[in-house]
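Colleague: Handing you a structure now.
The values are calculated or read from the model by the stated rules, or taken from the named source; none is laboratory data. These numbers were taken from a predicted model, which means no experiment stands behind them. Counting neighbours? That spans all protein chains shown, and the Cβs are built from the backbone with ideal geometry, glycine included.
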Amino acid sequence: MNDPHEIPTLVVEDLCTSFATERGPLQAVDGVSFTLRRGRTLGVVGESGSGKSATARSIMNLLPPGTSATTGRVLLDGRDVRSLSRAESRHVWGVEAAMVFQNPMTSLNPVIPVGRQIGEGLRYHRKLSRAAAGRRARELLEQVGIADPERRLAEYPHQLSGGMRQRVMIAVALACDPKLLIADEPTTALDVTVQKQILDLLDRLRQQRRMAMVLITHDLSVVAGRTDDVIVMYAGRVVEQAPTRQLFSAMRHPYTQALFESIPKVTQPSHTRLRIIQGRPPDLAALGPGCAFAPRCAHAQPRCCRETPPLSGSEGADARHACFYPAGTTVGEAALAANRAAGRTAAGLALAAGAAAGADVA
Amino acid sequence: MAGVGTAQLRPSDEVLLQVTDLYVEHSAGRRRTVRAVSGVSFDVACGETLGLVGESGCGKSSTARAVLQLPRPTSGTVTLDGTDLTTLRGEELRRVRSSLQMIFQDPLASLNPRRRVADIVREGLDIWPDHRCLDADDGGTPAPAADRVRAVLDSVGMDLDEIGGRRPHEFSGGQAQRICIARALMLDPQVLICDEPVSALDVSIQAQILNLLEDLKGLYGLTMLFIAHDLAVVKSVSDRVCVMYLGRICEIGPTEAIFDRPAHPYTDALLASVPQIDAGPAVAGDVLTGDPPSPFDAPTGCRFRTRCPRATERCAEQVPELSEVSAGRFVACHFPLTDEPAHPADDDAAVGHSTTPTSP
């Protein structure tokens, strides 16, 4: 397994990112911290606006400096990459840390053959000759499972299928042998059979190269089988963080639990009544005090509307959650029972008998 | 897969909507033709939800549009309550269309950004004023349009006074989809066609809309054609499911039966690709390799054969017809995955390479 003294590939400490908007500053990422070791995969789960992509872009230094402000530390192999000079950082982004995006069609240049796009980084960062970069591009295409790589090298992105384009994107990202690969919704635009192929491919490459990987997705089921640890984000904050297996066996944060229960599953019988999360996602530019999930939370108590719960763990283990009344604990269940008895939560959410019971089957 | 045939159709007096031998082809210039739908037949009984599922390019949306005659299919018939829509013209077709309504994937893109919600939802009534009665049997005095708008918005969980004067951009995706659903229900449609109604929505909102559709189905006695690529979503709302691949039907039958025991190799592969929360670490292995072939030059015979682990020469030569494998279940495959105890090795060969565990 992992040597505990080995320097972690990625350490993120108290990362905060805000965007300047017409309605004032918008805190997209609020105090995110985690550690990722070599060869391991971290899943980042959240809905749109939860800050998962903004976290990735903050780590990768991809946000526009004019309209966004990032604080906190990002250590790549022990080196603080946010304090590097421009000349130094040029050979970090895209080289030591690379990224794969959701939509391969908009990330690839439509007027340059894919072979040249894969070789571009090698020519610039590794100073390879055109011929050597071409040979390497061909090897990379083979590694990502593209049949007939020789022919594909000369083709343009529009000539490839969606799955193949994503494979090309992965080849571009892997060209300079990164230590860290961040995949932001890499399969969301793909069909389910192709999604499996791409996730298998990322898994295999991570193992072969012992890369650290961050897998960002809105889909809890993608995270379940593919990651070692998971963080769940809501309104820019980490609300729950745990080893994957532990998370799925005991979800502590009411949001994680509600999110999980609201997903239709193929193993459930047809016409199973889904549990819904009342209300709608928070408006980040108009967050009040207290826990951002409180207005939609069945556990909410007066304290939740005043104070923001810190991310903390009780069992001395790796699992942590940001909730005063976590699910599956005495205080949490008592809070839920009290709210149900009152018919509403402290934040004013009405609890219909059926909606709160969760697993009511139609 | 990719089969033709009409064996799966029930007697036409038992069904509300019947589609027979539907072909949709588009000319793509240079004498090339996209064969989007090739010989699809299915029916939907009154009050039933039929789920159409398949990957992109399988023809599920083309099928839905052909049902609405948007555009008219290349050939085939679409019969609604005994009337063949493909023979109707002009005013007759316009009249029938009010009983077929559709909701789309991107709710914000399907609402006119310059109009107010109350006007958007009421428009159908302005065009067809005789739909004002809430219940056909309440004596016949038409209720004012505003009452009808209020009642329908109420049934999708929205309040006319609060939102009627607002415009679409003020709403989130989930709310906009509720408005689209309200608009579709305004004219008491006989059939509601939902084309990926939740795939653009966040997970927590998706459940709200799915539950709402289930409630409305009970409330209005809706018959639904529900299209989605997400198998779990389709399973949760459908009574029967129709799996499509490259313009043809692979299998059709009761939802539970198909999900418990897929009979077509494609359905099997599709189900095996769905990431599952409770299944432990994902098992690597190519359930299906490659991408679906282009609809410009679909394979001969069975269209799935180029990716099918069971394909033989026969699959290249003969288009499989849908045939009944058990009560109400029809499969278009020469070698369906039925549980014949005599050939257990066959089943292993078909799915075996997908079950080889890799080290975690």
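Colleague: If you take the residues in segment A:105-162 that are of a type in the set (S, T, Y) and farther than 30 Å from A:V192 by Cα, which one is nearest to the other protein chains (Cβ to nearest Cβ)? Walk me through how you get there before you give the answer.
Modeller: At the first step, the residues of segment A:105-162 found to be of a type in the set (S, T, Y) are A:106-107, A:124, A:129, A:156, A:161.
Pick out the ones that are also farther than 30 Å from A:V192 by Cα and you get A:124, A:129.
Details: A:Y124: 31, A:S129: 33 Å.
Residue satisfying both the conditions and the ranking: A:Y124.
Colleague: If you scan segment B:206-251, which residues turn out to be out of contact with any Lys or Arg (no Cβ under 7 Å at 6 or more places or on another chain) and among the β-branched types (V, I, T)?
Modeller: B:I209, B:T223, B:V233, B:V234, B:V237, B:V241, B:V243, B:I249, listed by residue number.
Colleague: Just a yes or no: is a residue in segment B:277-287 farther than 24 Å from A:L205 by Cβ, of a type outside the set (A, V, I, L, M) and in contact (Cβ under 8 Å) with a residue 24 or more places away in the chain?
Modeller: No, that holds for no residue.
Colleague: What single numbered condition from (1) more than 12 Å from chain A (Cβ to nearest Cβ); (2) under 30 Å from A:V45 (Cα atoms); (3) of a type in the set (S, T, Y) fails to hold for B:Y220?
Modeller: Status for B:Y220: all satisfied but (2).
To keep it simple, each residue is scored yes or no on (1) more than 30 Å from A:D80 (Cβ to Cβ); (2) touching a helix residue (DSSP H, G or I) at 6+ places or on another chain (Cβ under 8 Å).
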residue	(1), (2)
A:G115	yes, yes
A:G121	no, yes
A:H125	no, no
A:A133	yes, yes
A:E142	yes, yes
A:G163	yes, yes
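Colleague: If a residue counts only when it is β-branched (V, I, T), which helices (runs of 4 or more DSSP H) contained entirely in segment B:209-301 have at least 3 such residues?
Modeller: Working: elements: B:231-237, B:255-260, B:265-273.
It comes to B:231-237.
Colleague: Residues of segment B:27-47 being over 17 Å from B:M244 (Cβ atoms) and either among the basic types (K, R) or outside any loop (DSSP other than H, G, I, E, B) (or both), which ones? It would help to see each step written out before you state the result.
Modeller: Within segment B:27-47, the first condition is being over 17 Å from B:M244 (Cβ atoms), and the residues that meet it are B:27-33, B:45-47.
Scanning segment B:27-47 gives B:S27, B:R30, B:R31, B:R32, B:T33, B:A45.
Colleague: Tally up the residues in segment A:206-219 that are surrounded by 22 or more Cβ atoms within 10 Å (Cβ to Cβ) and within 30 Å of B:L231 (Cα to Cα), please.
Modeller: The total comes to 5.
Colleague: Does B:A332 meet the test of being surrounded by 18 or more Cβ atoms within 10 Å (Cβ to Cβ) and either among the β-branched types (V, I, T) or at pLDDT 90 or above (or both)?
Modeller: Considered against the rule, which asks whether it is surrounded by 18 or more Cβ atoms within 10 Å (Cβ to Cβ) and either among the β-branched types (V, I, T) or at pLDDT 90 or above (or both), B:A332 comes out as yes.
Colleague: Can you name the number of the only condition in (1) in a loop (DSSP other than H, G, I, E, B); (2) closer than 21 Å to A:K52 by Cβ; (3) more than 8 Å from chain B (Cβ to nearest Cβ); (4) in contact (Cβ under 8 Å) with a residue 24 or more places away in the chain that A:H299 fails?
Modeller: Status for A:H299: all satisfied but (2).
Colleague: Only residues that are at the interface with another protein chain (Cβ under 7 Å from one of its Cβ atoms) and not charged (D, E, K, R): list them for segment B:251-270, please.
Modeller: Passing the criteria: B:T255, B:F259, B:A269, B:L270.
Colleague: Across segment A:143-167, what is the total count of residues that are in a helix (DSSP H, G or I) and more than 17 Å from A:A133 (Cβ to Cβ)? Steps first, answer last, please.
Modeller: To start, the set of residues in segment A:143-167 that are in a helix (DSSP H, G or I) comprises A:143, A:149-153, A:157-159, A:162-167.
From what's left, more than 17 Å from A:A133 (Cβ to Cβ): A:151, A:157-159, A:162-167.
Summing the residues that are in a helix (DSSP H, G or I) and more than 17 Å from A:A133 (Cβ to Cβ) in segment A:143-167 gives 10.
Colleague: Restricting to segment A:67-102, count the residues that are in a loop (DSSP other than H, G, I, E, B), in contact (Cβ under 8 Å) with a residue 24 or more places away in the chain and either on the phi > 0 side of the Ramachandran plot or exposed (fewer than 15 other Cβ atoms within 10 Å of the Cβ) (or both).
Modeller: So the answer is 5.
Colleague: Among residues belonging to segment B:276-302 that are buried (at least 22 other Cβ atoms within 10 Å of the Cβ) and within 12 Å of another protein chain (Cβ to nearest Cβ), point out the one that is farthest from A:V222 (Cα to Cα).
Modeller: B:P292
Colleague: Which condition from (1) over 27 Å from B:P73 (Cα atoms); (2) under 21 Å from the mean Cα position of the chain (by Cα); (3) crowded, with 17+ Cβ neighbours inside 10 Å is the one that B:D260 breaks?
Modeller: All conditions pass for B:D260, except number (3).
Colleague: So, B:A232, is that one away from every other protein chain (no Cβ under 14 Å), on the phi < 0 side of the Ramachandran plot and of a type outside the set (K, R) or not? Steps first, please.
Modeller: Details: away from every other protein chain (no Cβ under 14 Å): no; on the phi < 0 side of the Ramachandran plot: yes; of a type outside the set (K, R): yes.
Here the answer is no, as B:A232 does not meet what is asked.
Colleague: Out of A:L26, A:L42, A:L15, report the one residue that is under 25 Å from A:D203 (Cβ atoms) and either at pLDDT below 95 or outside any helix (DSSP H, G or I) (or both).
Modeller: Details: A:L26 fails: under 25 Å from A:D203 (Cβ atoms); A:L15 fails: under 25 Å from A:D203 (Cβ atoms).
The unique qualifying residue is A:L42.
Colleague: Let me ask something else. Which ranges mark the helices (runs of 4 or more DSSP H) fully within segment A:168-251 that have 3 or more residues being facing chain B (nearest Cβ under 10 Å), closer than 30 Å to A:L122 by Cα and not polar (S, T, N, Q)? Break it down into steps so the answer makes sense when it comes.
Modeller: Details: elements: A:192-209, A:220-226, A:244-249.
Ranges flagged: A:192-209.
Colleague: Report every pair of residues separated by at least 6 positions or lying on different chains whose Cβ atoms are under 8 Å apart, first residue within segment B:1-20 and part of a strand (DSSP E or B), second modelled with pLDDT under 85.
Modeller: Taking only residues 6 or more apart or on different chains, the pairs are B:Q18/B:S12; B:T20/B:T6.
Colleague: Here is a further query. Please go through (1) on the phi < 0 side of the Ramachandran plot; (2) assigned to a loop (DSSP other than H, G, I, E, B) for A:A338 and return the number of the only condition it doesn't satisfy.
Modeller: Of the numbered conditions (1) on the phi < 0 side of the Ramachandran plot; (2) assigned to a loop (DSSP other than H, G, I, E, B), the odd one out for A:A338 is (2).
Colleague: Return yes or no: is B:R248 touching a Gly at 6+ places or on another chain (Cβ under 8 Å), closer than 19 Å to B:L50 by Cβ, away from chain A (no Cβ under 13 Å) and crowded, with 23+ Cβ neighbours inside 10 Å?
Modeller: Working: touching a Gly at 6+ places or on another chain (Cβ under 8 Å): yes; closer than 19 Å to B:L50 by Cβ: yes; away from chain A (no Cβ under 13 Å): yes; crowded, with 23+ Cβ neighbours inside 10 Å: yes.
It is true that B:R248 is touching a Gly at 6+ places or on another chain (Cβ under 8 Å), closer than 19 Å to B:L50 by Cβ, away from chain A (no Cβ under 13 Å) and crowded, with 23+ Cβ neighbours inside 10 Å.
Colleague: Scan segment A:252-264 residue by residue and report those that are closer than 26 Å to A:C304 by Cβ, in contact with a Leu (Cβ under 9 Å, 6 or more places away or on another chain) and within 11 Å of chain B (Cβ to nearest Cβ).
Modeller: Correct list: A:L259, A:F260, A:E261, A:S262, A:I263.
Colleague: So which residues in segment A:19-38 are over 17 Å from the mean Cα position of the chain (by Cα) and surrounded by fewer than 17 Cβ atoms within 10 Å (Cβ to Cβ)?
Modeller: Residues satisfying the conditions are A:A20, A:T21, A:E22, A:R23, A:G24, A:P25.
Colleague: Do we have A:T267 as more than 14 Å from chain B (Cβ to nearest Cβ), without any contact (Cβ under 8 Å) to a residue 12 or more places away in the chain and out of contact with any Cys (no Cβ under 8 Å at 6 or more places or on another chain) here?
Modeller: Numbers: more than 14 Å from chain B (Cβ to nearest Cβ): no; without any contact (Cβ under 8 Å) to a residue 12 or more places away in the chain: yes; out of contact with any Cys (no Cβ under 8 Å at 6 or more places or on another chain): yes.
Here the answer is no, as A:T267 does not meet what is asked.
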